[in-house]
Amino acid sequence: MNSGCLSNHDFNSDINRAGTASLKYDGRQTMFGTAEVIPLWVADMDFAAPQAVTRALAERAAHPVYGYTVYPDSLYESLIDWLRRRHDWEVQREWIVMCPGVVPSLHAAVMAFAESGDSVIVQPPVYFPFFSAVTSTGRQLAHNPLRLANNRYSIDFDHLEQCAAEARLLLLCSPHNPVGRVWSKQELECVLRIARKHDLVIFSDEIHADLVYAGNKHHTLSTLAGTLGESAPHIITAVAPSKTFNIPGLNLSTLVVPDPGCRRALVQAFEAMHVSAANPFSIAAFEAAYREGEAWLEALLVYLRQSRDYVAEYLTAHLPEIRLIEPEGTYLLWLDCRALKAELGINDAELRHFFVHEAGVGMSPGTLFGEAGSGFMRMNIGAPRHIIKTALEGIKKAERGARQRTTSARSL
Ligand SMILES: Cc1ncc(COP(=O)(O)O)c(C=O)c1O
């Protein structure tokens, strides 16, 4: 497989999303103060979902009654089959809790497993709802910052151990958004050892588990914990077809919770808010994606890898002041712009302004992901490659202009 245009999987064509109430497109004015940016920010892709999904939605829409909905057995089976086939994970039906999204589940987990005032560990720079799930529920953040060395992030295990001694819950992002790490078996085993020693519950957000580049392997934390037997820490794993098949607007995800006590606590947290996720369209799309979307996903992974490599080569050749932290998974690229920022003598707000108003590219500012994100930007490459190319050329042009201005100002 070497083409992005495999059979009916076309990732090169433009699809006009403006005017579809799309956050990524129709939210540009609010987010960036202008609609004139190439939107490479919020984490959905500009690609058509697998045809099987579109067909299943059309078939369901053709039935004109859209009433209250239950989760059919076939829905659970589609997920169980997927996890067995793709992740070597044997999941029991009763472990599965359906929920409206991973972010609501983060909140529910924080409420279920930490009391008000308790510490919850996060590993910044990290997907920002990890912070708000803790602070908005009255719990305390315990930061265990990732370490960056030789252009690669890793977990500071000594510091994690110190945090674990005080905390109740760890929010693990695996694979990690935004730094793109797919944690190795050894790293995850180390996390498990610390959690076991300190009786820490782990919420393992594995929403990006299917989006892993060739040469890397995602390990489901729960399968590794299985080898620890009775003494394994309690793990809540979040999985979803939303990122994998580009259907996040349909709001259906799942938690896999083997421990009955943890499951009860989570279900109670959802029930306390009367949150229900069942909806006739999301269940149709979920099942079709897991049952029939695999070939589409394989083609997508090839396309994304080519785009990732394209960006890496472009930056090396034309914009060496911006360095790609090479991702092992996800379609989110973490760009180290610290050299550019220093060269232009600008702060984070000005860096953001530079990308939006001079380059015409709307990315997520690194500081959204915590202080450690200062000088970084997150670029979403889930778009046709020619769009990525145009964005990079816009950045190059703006960089040349800004450098000239800086040089002239310094020589005055
Ligand atoms: C790590 C991570 N978790 C959760 C989400 C969002 O999940 P949901 O839309 O199901 O709330 C995202 C979206 O970018 C993400 O990157």
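Just one of (1) part of a strand (DSSP E or B); (2) under 19 Å from the mean Cα position of the chain (by Cα); (3) within 21 Å of ASP210 (Cβ to Cβ) fails for ALA49. It is (1). Quick one: is GLY360 away from the ligand (no atom under 16 Å from the Cβ), farther than 30 Å from LEU79 by Cα and among the small types (Gly, Ala, Ser)? Yes, satisfied.
Take the range 126-147 and flag every residue that is touching a residue at least 40 places away in the same chain (Cβ under 8 Å) and either closer than 19 Å to ARG193 by Cβ or away from the ligand (no atom under 14 Å from the Cβ) (or both). Within the range 126-147, HIS143, PRO145, LEU146 qualify. Between PHE376, PHE354, the distinction of being free of Cβ contacts under 8 Å to residues at least 60 places away in the same chain and in the same structural domain as ASP46 (by TED's automatic domain parsing) belongs to PHE354 only.
Taking into account only those residues within the range 332-341 that are farther than 26 Å from LEU300 by Cα and touching a residue at least 24 places away in the same chain (Cβ under 8 Å), which is surrounded by the fewest Cβ atoms within 10 Å (Cβ to Cβ)? Once the filter is applied, the top-ranked residue is ARG338.
Only a single item in (1) under 24 Å from LEU146 (Cβ atoms); (2) surrounded by fewer than 22 Cβ atoms within 10 Å (Cβ to Cβ); (3) away from the ligand (no atom under 16 Å from the Cβ); (4) without any contact (Cβ under 8 Å) to a residue 40 or more places away in the chain is not met by ILE346, and it is number (1). Determine, yes or no, whether GLY366 is in contact with a helix residue (DSSP H, G or I) (Cβ under 8 Å, 6 or more places away or on another chain), buried (at least 22 other Cβ atoms within 10 Å of the Cβ) and either closer than 15 Å to VAL37 by Cα or not assigned by TED's automatic domain parsing to the domain that holds PRO175 (or both). It is true that GLY366 is in contact with a helix residue (DSSP H, G or I) (Cβ under 8 Å, 6 or more places away or on another chain), buried (at least 22 other Cβ atoms within 10 Å of the Cβ) and either closer than 15 Å to VAL37 by Cα or not assigned by TED's automatic domain parsing to the domain that holds PRO175 (or both).
Evaluate the range 279-287: report whether one residue or more is in a helix (DSSP H, G or I), at pLDDT 95 or above, β-branched (Val, Ile, Thr) and within 23 Å of the chain's Cα centre (by Cα). The answer is yes; a qualifying residue exists.
With the requirement that a residue be near the ligand (Cβ under 8 Å from one of its atoms) and in a helix (DSSP H, G or I), what does the range 96-125 give you? Of everything in the range 96-125, those that are near the ligand (Cβ under 8 Å from one of its atoms) and in a helix (DSSP H, G or I) turn out to be VAL102, VAL103, PRO104, SER105, LEU106.
Out of curiosity, is PRO260 under 24 Å from SER22 (Cβ atoms) and not hydroxyl-bearing (Ser, Thr, Tyr)? It is false that PRO260 is under 24 Å from SER22 (Cβ atoms) and not hydroxyl-bearing (Ser, Thr, Tyr). Tell me yes or no: at least one residue of the range 237-247 is more than 16 Å from the chain's Cα centre (by Cα) and at pLDDT 95 or above. No, there is no match, as no residue in the range 237-247 is more than 16 Å from the chain's Cα centre (by Cα) and at pLDDT 95 or above. Name the single residue that is nearest to the chain's Cα centre (by Cα) among those in the range 292-311 being assigned to a helix (DSSP H, G or I), crowded, with 19+ Cβ neighbours inside 10 Å and not aliphatic (A, V, I, L, M). Only one residue fits best here, namely ARG308.
Exactly one residue out of HIS176, HIS234, HIS218 is touching a strand residue (DSSP E or B) at 6+ places or on another chain (Cβ under 8 Å) and farther than 23 Å from ARG308 by Cβ, and it is HIS234.
Is it the case that the range 268-278 has a residue that's more than 16 Å from the ligand (Cβ to nearest atom), under 26 Å from ALA21 (Cβ atoms) and outside the structural domain of ARG385 (by TED's automatic domain parsing)? Yes - at least one qualifying residue is present in the range 268-278. When you check ARG168 against the structure, is it in contact with a helix residue (DSSP H, G or I) (Cβ under 8 Å, 6 or more places away or on another chain), farther than 28 Å from ARG84 by Cα and not assigned by TED's automatic domain parsing to the domain that holds GLY382, yes or no? Criteria met by ARG168. Filtering the range 64-80 to residues that are free of Cβ contacts under 8 Å to residues at least 60 places away in the same chain and assigned to a loop (DSSP other than H, G, I, E, B) leaves PRO64, VAL65. Please find, within the range 27-46, the residue that is nearest to the ligand (Cβ to nearest atom) out of those that are outside any loop (DSSP other than H, G, I, E, B) and within 24 Å of LEU300 (Cβ to Cβ). Applying the filter and picking the extreme gives PRO39. Taking the criterion of being surrounded by 12 or more Cβ atoms within 10 Å (Cβ to Cβ) and polar (S, T, N, Q), the residues of the range 52-79 that qualify are THR54, THR69, SER78. Would you say LEU368 is over 14 Å from ASN177 (Cβ atoms) and not acidic (Asp, Glu)? No, not satisfied.
With the structure loaded, tell me whether GLU287 is buried (at least 16 other Cβ atoms within 10 Å of the Cβ) and among the charged types (D, E, K, R) or whether it fails that test. Considered against the rule, which asks whether it is buried (at least 16 other Cβ atoms within 10 Å of the Cβ) and among the charged types (D, E, K, R), GLU287 comes out as yes.
The values are calculated or read from the model by the stated rules, or taken from the named source; none is laboratory data. Only a predicted model underlies this, so the values are computations on that prediction, with no experimental measurement involved. Positions of Cβ are generated from backbone atoms using ideal geometry, with glycine treated the same way; all protein chains shown enter the neighbour counts.
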